[in-house]
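To start, the structure under review is shown below, and the notes come after it.
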Amino acid sequence: MDQTRNQPSAGKFLSWFIPVGRQVGGWAFALNRLTAIGLTVYLFLHLFILGKLAQGPGAYDQFLELTENPLIKLGEWAVVVAVLLHGLNGIRIVLTSFGVGVTRQRQLFFGFMIVALLLILMFTVRMY
Amino acid sequence: MSQSTSSSYISAPRPGETSWLWLIKIVTGPLLILVFILHLTVNHYIGSLPSGLMTYADVVHYYQNPIIPAIEILFLITVVTHSLIGLRGIILDMNPSRPVLRAINWFFSLLGVFSVIYGIWLVLAIASKGGK
Amino acid sequence: MTESWKITLRMFRQKENQDSHFDDFQMDVKPDEYVLDAVERAWAFHDRTICFRHACHHSTCGACGMRVNGVEKLTCITLIRDVTHHGATLKVEPLRNFPVVSDLAVDMGSFYRKMEAVGARAVLPVTEAEIENPPSKWDADDSQYIRLSDCLECGLCMSACPIMATTPEYLGPAPLAAAQDQGLKRKPELLSIVDCEDGVWRCHSAFECTAVCPSFVDPARRIMNLRTQVVDMRLRKLFGKA
C-alpha cells in the first residue's frame, strides 16, 4: 500500500513558506522563518566582508565605494526591513511564550506589523 | 492492516534541544533588539561626519573609545548565538537522523566559536590601529 | 421557501496502489446543510466506493475531520453556505500529515499512540477542568463530578501544524495540550517526554492549531503554558527543589 504520500517528510519544508489556506499565525511563522534564514546569510557575509577592514585603509575604502551601488543599497534596506519584521514578530513570540496576550496573538501580530511598517517608512525616508 | 509506522512511538528523548537552548534564544532575542538599535544608530548616524562612519579612518577613530569595542563584541556574541540556535531549530524541524544532528551540532558549535574569536580579533585589531 | 444550490463537489480520491485524483460530483444541496451531508449523498447516490469517516454528526466524536477548500474543518458542523455558493466548487480532501488509507479516510494511528504516550485524559474532575465561571472555592467532594475533556482527538490541529508537515516524530499540538492539561507538577514523569527535541520545543508559535480547533482546546496557549512549566521545573532542579 502506498502510504508514503500525505505523510510528514523533510522535503515538505517549502510548505512553511507558502501559507496558502493558513491564518495570521501561519503567515507570521513563514515571515519569521524567511527573515531568519535571510539574516543569518547576511550575518556571516557581513562578518567576512568586515575582514577587509583588517587589510587597511586602501582595501576598505575601495570596498565602501562598492556600497554606493544602488543594488547594494537596496540589499542594505532589505536587511533593515528583515530585522524590523523578525524582531517585532519575535517580541510577539516572547510575549506569547510567557503567557502574555496568547488569546490576542492575531491583534498582536497586526499591531507589531503596523509598527514595523511605520519604522520601515521612517527609515526609508531617512536613507533616501 | 499493514503497519507502515513503527509499533512503539516513544523512543528516548533525543539529547540536545532542551529548555536551556530555547531560553538562551528567547533571551538573546530582545537583547539583540536593544543592541542592534545601538549598533545601527552609532554606526550610521554618529561619527565624525553627518552621514556616519564613512571611511577607514573614521572607523579606527571611532573604535578608540573602549565602549564601542565592548558593545560590538556583545553584539557579536549575542547575534551569533541567537542565529545559530535558531538555524539549528529549523534543521531539527526537518527531522535529521542522529548522526546528521551530531554533525550539525559540532559544525555549528565550531562555527559559532570561530566567528566570535575572529570577530573579537578583528575588533581589537582595528582598535589597536589607532594608537599609531 | 427552502433554497437549493447547484454545486460541484470536488473530492480527493485515492485507492490502494493507485495515484490520487479528484472526482467531480454535480450536486443539489441546501445551503444550510453541512459539508458532511454532501459527502454522504455523494456516497449514497453517486459512488458507493467513496470511503470516509463519520459517526456522531454533532462535533463530539471527532471522526469527520477533513480539509474543506484547503482548510481543516469538522465537516458535520461546517455549513455549506459558509464555504461555497451557488454554482461554485466545494473541494474536500483528507487531513494532512497522516497516510491515506482510502479517499478521505486517513490512518490516525501515530496520533493515537502519541495521545496514549502522554496519558491524555478523556474525562477529568471538574475541579481540574478549565470551565467558565468556576466557583471561587471548590468544596472538598466536588472532584467527584467529572467532565469530558474538550479535546475530541479529531486531528485537525495535527494537520494544520506546519511543523507536523516535516517532522513525523513531533508530538504535535493535541498531545502537548493533553500533557499540559494534566500539569507537570501532578505528573512529573511527563517532563522527559515533553522536554525534548520532539516535544514542546518544536513549536514555533504559528498558532495554526488553535485557529482550526473546533472544540476550544486552544492548544497553542497550552503549549506556551507547558513551556513555562518545563522551564520552571528545570530551574527548580538546577537550584535544588525550592
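The values are calculated or read from the model by the stated rules, or taken from the named source; none is laboratory data. As the structure is a prediction and not an experimental result, all values here were calculated from the model. Neighbour counts run over all protein chains shown; Cβ positions are idealised from the backbone, glycine included. These accessible areas exclude ligands, DNA and RNA; they are computed on the full protein's heavy atoms, side chains included. Shrake-Rupley method; radii C 1.70, N 1.55, O 1.52, S 1.80 Å.
In the set (1) modelled with pLDDT under 90; (2) among the small types (G, A, S); (3) in contact with a helix residue (DSSP H, G or I) (Cβ under 7 Å, 6 or more places away or on another chain), the condition left unmet by C:G119 is number (1).
Across the range B:88-132, the qualifying residues are those that are part of a loop (DSSP other than H, G, I, E, B) and away from every other protein chain (no Cβ under 11 Å), and the one among them that is nearest to A:H46 (Cα to Cα) is B:G130.
Every listed requirement among (1) in contact with a Phe, Trp or Tyr (Cβ under 8 Å, 6 or more places away or on another chain); (2) more than 8 Å from chain C (Cβ to nearest Cβ); (3) at pLDDT 90 or above is met by A:A28 save one, (2). Considering only residues that are surrounded by fewer than 16 Cβ atoms within 10 Å (Cβ to Cβ) and of a type in the set (G, A, S), look in the range B:71-123 and name the one that is nearest to the chain's Cα centre (by Cα). Taking the candidates together, the pick is B:S109. Of all residues in the range C:95-111, those being out of contact with any Asp or Glu (no Cβ under 7 Å at 6 or more places or on another chain) and closer than 16 Å to C:C154 by Cα number 11. For C:E40, are the conditions met, namely being acidic (D, E) and within 26 Å of the chain's Cα centre (by Cα)? Yes; evaluated as a whole, the condition is true for this residue. For the range C:219-231, a residue qualifies if it is of a type outside the set (A, V, I, L, M) and without any contact (Cβ under 8 Å) to a residue 12 or more places away in the chain, and the qualifying residues are C:R221, C:T228.
Being assigned by TED's automatic domain parsing to the domain that holds C:E169, in contact (Cβ under 8 Å) with a residue 12 or more places away in the chain and within 21 Å of C:P219 (Cβ to Cβ) narrows it down to one residue among C:A63, C:A117; which is it? Walk me through how you get there before you give the answer.
Numbers: C:A63 fails: assigned by TED's automatic domain parsing to the domain that holds C:E169.
Within the list C:A63, C:A117, the selection yields C:A117.
Only one entry in A:V115, A:V100, A:V94 is at the interface with another protein chain (Cβ under 9 Å from one of its Cβ atoms), over 30 Å from C:E16 (Cβ atoms) and open to solvent by 30 Å² or more (accessible area, probe 1.4 Å), namely A:V94.
Kindly indicate the residue of the range C:182-205 that is closer than 19 Å to A:N32 by Cα and open to solvent by 10 Å² or more (accessible area, probe 1.4 Å) and also nearest to the other protein chains (Cβ to nearest Cβ) among those meeting that condition. Quick ask: steps written out before the conclusion?
Initially, the range C:182-205 is screened for residues closer than 19 Å to A:N32 by Cα, giving C:200-205.
From what's left, open to solvent by 10 Å² or more (accessible area, probe 1.4 Å): C:203-204.
On the way: C:C203: 9, C:H204: 6 Å.
In this case the residue turns out to be C:H204.
You will find that of A:L84, A:L66, the residue that is crowded, with 17+ Cβ neighbours inside 10 Å and within 23 Å of A:R126 (Cβ to Cβ) is A:L84 and no other. Can you name the residue in the range C:127-176 that is over 20 Å from C:R221 (Cβ atoms) and in contact with a strand residue (DSSP E or B) (Cβ under 6 Å, 6 or more places away or on another chain) and, of all such residues, is least open to solvent (accessible area, probe 1.4 Å)? Checked the range C:127-176; the qualifying residue least open to solvent (accessible area, probe 1.4 Å) is C:S143.
Restricting the range A:10-25 to residues that are facing chain C (nearest Cβ under 7 Å) and part of a loop (DSSP other than H, G, I, E, B), the residue that is nearest to C:I163 (Cα to Cα) is A:R22. Looking at the range A:75-111, which of its residues are touching a Ser or Thr at 6+ places or on another chain (Cβ under 8 Å) and part of a loop (DSSP other than H, G, I, E, B)? Residues satisfying the conditions are A:F98, A:G99. Can you confirm whether A:T35 is in contact with a Leu (Cβ under 7 Å, 6 or more places away or on another chain) and either more than 9 Å from every other protein chain (Cβ to nearest Cβ) or under 25 Å from A:T103 (Cα atoms) (or both)? Yes, satisfied.
Is it true that A:Q7 is open to solvent by 50 Å² or more (accessible area, probe 1.4 Å), touching a Phe, Trp or Tyr at 6+ places or on another chain (Cβ under 8 Å) and of a type in the set (S, T, N, Q)?
On the way: open to solvent by 50 Å² or more (accessible area, probe 1.4 Å): no; touching a Phe, Trp or Tyr at 6+ places or on another chain (Cβ under 8 Å): yes; of a type in the set (S, T, N, Q): yes.
No.
Out of the residues in the range C:8-28 meeting the condition of being part of a loop (DSSP other than H, G, I, E, B) and out of contact with any Lys or Arg (no Cβ under 7 Å at 6 or more places or on another chain), tell me which one is surrounded by the fewest Cβ atoms within 10 Å (Cβ to Cβ). Residue satisfying both the conditions and the ranking: C:N17.
Residue-level check: of (1) in contact (Cβ under 8 Å) with a residue 12 or more places away in the chain; (2) within 11 Å of chain B (Cβ to nearest Cβ); (3) more than 14 Å from the chain's Cα centre (by Cα), A:L108 misses just (2).
Looking only at strands (runs of 3 or more DSSP E) that fall completely inside the range C:39-116, which ones have 2 or more residues that are modelled with pLDDT under 95 and open to solvent by less than 20 Å² (accessible area, probe 1.4 Å)?
Working: elements: C:65-68, C:71-74, C:89-93, C:100-102.
Of the strands (runs of 3 or more DSSP E) lying wholly inside the range C:39-116, those with at least 2 residues that are modelled with pLDDT under 95 and open to solvent by less than 20 Å² (accessible area, probe 1.4 Å) span C:100-102.
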